[in-house]
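The values are calculated or read from the model by the stated rules, or taken from the named source; none is laboratory data. Because the structure is predicted, anything quoted here is derived from the model rather than measured. All Cβ positions, glycine included, derive from the backbone under ideal geometry; neighbour counts span all protein chains shown.
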Amino acid sequence: MYPYSIMAAADGTETSKAAVRWAAREASRRHLPLRVTHVYDWEWREARYDMSNQYFDLARKHAEDLTTAAVHEARVGARDVEVEGDPVIGRVAPRLLAECETAQMVVLGSRGRGGFSGLLLGSVSERVATHAPCPVVVVRGRGGDLIEGPVAVGVDSSPSAEHVLSVALDEASGRNTTLIAVRACGPGPQAEERAALEKQLAPWRDKYPQVPVDVVLTGESAAAALVAASTTAQLVVVGSRGHGIIAGTLLGSVGLQLLHHADCPVYIAREARRQR
């Protein structure tokens, strides 16, 4: 098992395959190994009737085959990345959350197996994105093969805003693209909001002079503006907690709406509990 690697969750679905390819390219960019994890849920209450272990062996073989295919998908996405396949047993969401403890980032597809038609985000992806102890990327919309377009970021005055900007600028710099900084403002004069945002951005422009930064002020909600930006962006970055959210909430409403409606991968910029 690779500690402090990027982890991609694999279940054989098309959205999962897209997530694995995205994770492989990100691992290549960060010079990190990639761990592809498939969780298979073996019902132990029924195992007592499988005296010969026949059904368990079949389940394990299926998991190993699926993981092998996902590893191949990763190597297609980035041939220079060291990849490990890891099928593990457990309830899917809790086990993925446990496996996240030693990851620098976890990458998920937006829909899992068994999802109902019309659902925009699978329950496992939402639970992991909400509770993971590390940054999370949910690959959705136009998928994991996006390599063009700007990086969009929601910027507010919350305590996490500086970390979110740091992540977004690093992603834009690594992709050699533009950053679009989006701020929702009220019905008052936009000149004051623009001045405040430019002041907030000034030290970051100095730190990342190679990254062009475009400012977008909108009278819409931040979620609506970022969903609109996602139609041309290759990545949208948001904080794990928004401005003024209820204490104890693990993901702000903007992040949740993007996980359901964005047209490109969504990066939840949560600070990892463990560092390399």
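At a glance:
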quantity: Among (1) at positive phi; (2) touching a residue at least 40 places away in the same chain (Cβ under 8 Å); (3) more than 13 Å from the chain's Cα centre (by Cα) - the single one N176 does not satisfy; calculated: (2)
quantity: Only one of V36, V20 that is within 21 Å of A103 (Cβ to Cβ) and either in a strand (DSSP E or B) or modelled with pLDDT under 90 (or both); calculated: V36
quantity: Residue in region 180-201 that is among the β-branched types (V, I, T), touching a Pro at 6+ places or on another chain (Cβ under 6 Å) and under 22 Å from G252 (Cβ atoms) present; calculated: yes
quantity: Test result for E162, in the same structural domain as S221 (by TED's automatic domain parsing), free of Cβ contacts under 8 Å to residues at least 40 places away in the same chain, farther than 17 Å from L256 by Cβ and outside any loop (DSSP other than H, G, I, E, B); calculated: yes
quantity: Selection from region 185-226 of residues that are among the hydroxyl-bearing types (S, T, Y) and modelled with pLDDT of 95 or more; calculated: Y208
quantity: V182, sole failed condition from (1) within 15 Å of L258 (Cα to Cα); (2) modelled with pLDDT under 85; calculated: (2)
quantity: Test: residue in region 237-255 that is under 14 Å from V155 (Cα atoms) and at pLDDT 90 or above; calculated: yes
quantity: Failed criterion for A168 (all others in (1) over 16 Å from A23 (Cα atoms); (2) in a strand (DSSP E or B) hold); calculated: (2)
quantity: Residue within region 122-130 that is among the hydrophobic types (A, V, I, L, M, F, W, C), surrounded by fewer than 16 Cβ atoms within 10 Å (Cβ to Cβ) and over 15 Å from L235 (Cβ atoms) present; calculated: no
